[in-house]
Amino acid sequence: MLVPFLIMLREGVEAALIVGIIASYLHKTGRSAWMPVVWIGVFLALAVSMLVGTVLQLLRAEFPQRAQEMMEAGIGLIAVVVLTSMVFWMRKAARSIKNELHHSIDAALSDHYRGLGLIVMVFFAVAREALESIFFLLAIFQQSEGSAALIGALLGVLVSVAIGYGIFRGGLRLNLRRFFRWTGVFILFVAAGLLMKSVASLHEAGLWNHLQAIAFDISSVLPDDGPIGSVLAGMFGYSSSPTVSEVVVYFLFLIPALILFLLPHRAGSQSIAANKSA
């Protein structure tokens, strides 16, 4: 429940930050009448993302076992890519996202099809975040039983909407730079766990049979089905007896990703914290 909550919280705050910057800029430039067009773009993005997720889930249910394992591995790998790209994109784009959105709005409202241009701009901005969320949730739901993951995701969305509204109204001061930094670290650990589970699914599908010896077995100390093991498995893909290939891909991904993400960013750019005044 905690993982989908935190991921959807971060994704939701990103989307709310984008919509908030757009809404604030339209208001400050006397173009608030275009806000209904913005909401059309937002709802279209959400509808398309939900449609993609529903189709993928229905297709998975129709596949035989081997094909399901292949699809689970594929969705897991896609989730790893989008989660990783998400944290690195925000690390880079956060410093200029406000100005870029302002220029995009001006360009969208300066052509002959101003309403359509604004809808398209908002659609792609929000759809990126929504599709990232869909692939992540599909990967998590494949590994989770019950409704806890869904409840966590919904709570994350609701809290992110409240935060976004508070930022927009100016009554909430959130250190967005620190927020995105530490949630980014958390997400990289989650992505490493998803990658490890994807390798296991590829093995179950018969597509990866190398380095399948057990690297270590600590099931007597921290079993998968124990209280702590279950939490770690749900959050970070923990396994008490992983194979050599699972351990190798886990650390080959996680160590370089953390180093690159935590390296000091080049100075001279605007901090993301400035965006919250939008």
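A short reminder: the numbers here are calculations on the coordinates, not readings from a lab. All figures in this text were calculated on a predicted structure; none of them were measured in a lab. Glycine also receives a Cβ, built like all others from the backbone with ideal geometry; neighbour counts cover every protein chain displayed.
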Shape of region 198-237, Cα gyration tensor, a/c cut at 1.5: oblate
Looking at region 1-42, I'd like the Rg to Rh ratio, where Rg is from alpha-carbon atoms and Rh is Kirkwood's inverse mean 1/r. 1.16
Quick one: if the Förster radius is 25 Å, what FRET efficiency do LEU158 and LYS28 give, using the C-beta to C-beta distance and rounding to 0.05? 0.35
What number comes out for the charge environment of VAL87, summing +1 per Lys or Arg and -1 per Asp or Glu over other residues with Cβ under 12 Å away? +1
So the FRET efficiency between ASN99 and LEU260, C-beta based with R0 = 30 Å and rounded to 0.05, is 0.75
For LYS28, LYS98, what ranking results if the residue with the fewest other Cβ atoms within 10 Å of its Cβ goes first? LYS28, LYS98
Cα gyration tensor category, rounded, prolate or oblate, for region 180-261 with a/c compared to 1.5: oblate
Determine, for each peptide in 70-77, 36-43, 193-200, the mean count of other beta carbons within 10 angstrom over its residues, then list the peptides with the highest first. 193-200, 70-77, 36-43
Taking R0 as 22 Å, what FRET efficiency do you get between SER241 and ASN209 from their Cβ-Cβ distance, rounded to the nearest 0.05? 0.80
What does the C-alpha gyration tensor say about the overall shape of region 7-93? Classify as rounded when a/c is under 1.5, otherwise prolate if a/b is larger than b/c, or oblate. oblate
Quick check: pseudo-label points 7 Å beyond the Cα along Cα→Cβ at TRP39 and GLN57, how many nm apart are they? 2.6 nm
Using a 10 Å cut-off on Cβ atoms, rank the peptides 180-191, 247-258 from the highest mean neighbour count down. 180-191, 247-258
